[in-house]
Amino acid sequence: MQRKFLTNLALVLALNLLVKPFYIFGIDAEVQVRAGTAAYGGYAALLSLSFLLNILLDLGITNWNTRHIARHTHLMRKQVSGIIAARSLLAVLYAVAIFAAAWLLGYRGGQLHLLAILVLNQVLVSTILYLRSNIAGSQRFAQDSLLSVLDRVLLIGICAWLIWGRDHPGAFPIEWFAWAQTAAYGITAVVALALVVRHAGGLSLRWDPVFTFSILRQSFPYALLVLLMSFYYRTDSVMLERMLPDGALQAGVYAQGFRFFEAFNMLGFLLAGLLLPMYSRMLKDREDVGPLTGVALKLVLTGSIAIAVVGSSYAQAVMDLRYHEHTDLSAPAFAVLIWCFVAVCITYIFGTLLTASGDLKALNWMAAAGMVLNLGLNLVLIPRWQVLGAAWSSLITQGLMAVAQLLLAARRFGLRARVRDSLAMLAYVLVLVLAARLLRAGGAPLANALLVLVPLAAFAALATGALPLHRLRALLPRGKG
């Protein structure tokens, strides 16, 4: 299973690293430049609002389904036929709840029109994720990897024409960006549905209240977990936009730094999508999850810490790479937010393991505590330090959640960290931090620093033992003959 994990991880990372960074920094960031920081900030706040109640679209079905299909692949046809019918009703419930919340928060007119497009997009995205859960759960990771980038490839093509391909390029209304997403998500959903129908051996939609209630009852703990996590992951932009006099601008500034964090965070999300069906099948077969967890943890820590050290050390230079306005405000926030990437990667490993084992009650209690903590911190820190306060709120919350989930998983599965491994990781971190500080103190520009730090990170990971080469080599596929 460790070898399978490394092979599929390499595939999914290769595909996503080829596509998504260009989308995030070439398309999404250019849209913000063309539309304006304030206009994009309003869009970002509405997007975050659409995420907050996103769980009503799914009610935990996707995570439950991944775990269930990984254990009972032969039931795919029965499950898909009943669940798709039920999700149509959930889409209506979600739309009503979102518009009610938006109205209570004071959104009106054009803001509601833009929100309507974003609601449609969320329905399509949620549908894609559910369909992909059937493909990943049945261990067809290559197909799932291709689907994970298809929407972004389509969106790059559409937006590239809108931005650079028109005969008379002018103003770029933010609504165009939202509609381009609708087209890309719609096509991807159709492709994903065709694959699922093929693997399930056909599809016949049916509305069965008893079946629907049974599924929702089983998936409710997953729904609650996603809802609580969404609140402490997505409230920052909404609270900035609503609490401050220049809220739209501040949300746009925050989006500059958050975009880079989210670009890296998608790597952790892909890791979780790969680990959940693997953990689920291993636990069903009573296999030891310790070795896979150890390999995954070493990989994400060495990678995420290297990214965090470079990002925090050269935050201003990173922001200046893509933006020309307000980078003096977004850079300090980004320097804090990028360390959230380390914490979130840890939760993607241990939270996914706990999800696969069905420990939802403990995860929900932790997520509820995280939500309350994040809201409280934002209420105190945003009025004082604006975007920097929101960034610190996120880091404190994500850090504590990572530690709590790590400790719970270690206790639940008897995982133990060896002193040698801990010292190796500490040495790795110290080498990178010291090197980054020396380079910055010496006035080395970002490009030159990367030429030193990237190979240094690889060498330090191997030299200190933070990433044991002999163990990874043993897991790689062997050639025949």
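For the reader, a short list of remarks on this structure follows.
- The alpha carbon radius of gyration of the chain, expressed as a multiple of 2.2 N^0.38 Å, is 0.96.
- In terms of surrounding Cβ atoms within a 10 Å radius of their Cβ, THR62, THR347, THR293 rank from fewest to most as THR293, THR347, THR62.
- The relative contact order of the chain comes to 21 percent, based on Cα pairs under 8 Å that sit 6 or more residues apart.
- Structure-based [θ]222 nm, the chain - -39500 (n - 2.57) summed over DSSP H runs of at least 4, per residue, nearest 500: -29000 deg cm²/dmol
- Computed magnitude of the charge dipole of the stretch 2-416 (debye, nearest 20; Cβ of K, R +1, Cβ of D, E -1): 1460 debye
- For the stretch 159-314: rounded, prolate or oblate by the Cα gyration tensor [a/c cutoff 1.5]: oblate
- Inter-part distance where the stretch 116-187 and the stretch 295-357 are each reduced to a Cα centre, Å: 24 Å
- Between the stretch 32-95 and the stretch 424-439, the C-alpha centres lie 40 angstrom from each other.
- Taking 7 Å steps out from each Cα toward its Cβ at LEU400 and ALA100 produces label points 3.0 nm apart.
- For the stretch 220-346, a simple Cβ point-charge model (Lys and Arg +1, Asp and Glu -1, everything else neutral) yields a dipole of about 420 debye relative to the Cα centre.
- Long-range amide H partners of GLY60 with built H, under 5 Å: ALA223
- Residue exposure proxy: TRP64, TRP365, TRP164, ordered by other Cβ atoms within 10 angstrom of their Cβ from fewest to most, comes out as TRP164, TRP365, TRP64.
- In plain terms, the residue of LEU104, LEU118, LEU146 with the fewest other Cβ atoms within 10 Å comes first and the most crowded comes last, giving LEU104, LEU146, LEU118.
- Computed from backbone phi, the HN-Hα couplings of the stretch 101-116 come to 5, 4, 5, 5, 7, x, 7, 9, x, x, 5, 5, 5, 5, 4, 4 Hz, rounded to whole numbers (Karplus: 6.51 cos²θ - 1.76 cosθ + 1.60, θ = phi - 60°; Gly and Pro given as x).
- Dipole-positive endmost among ALA97, LEU228, TYR323 within the chain (Cβ charges, Cα centre): LEU228
All of the numbers you see were taken from the coordinates with simple rules; none came from a lab. These figures come from a predicted structure and were not determined experimentally. When we count neighbours, we look across all protein chains shown, and the Cβ atoms used for this are built from the backbone with ideal geometry, even at glycine.
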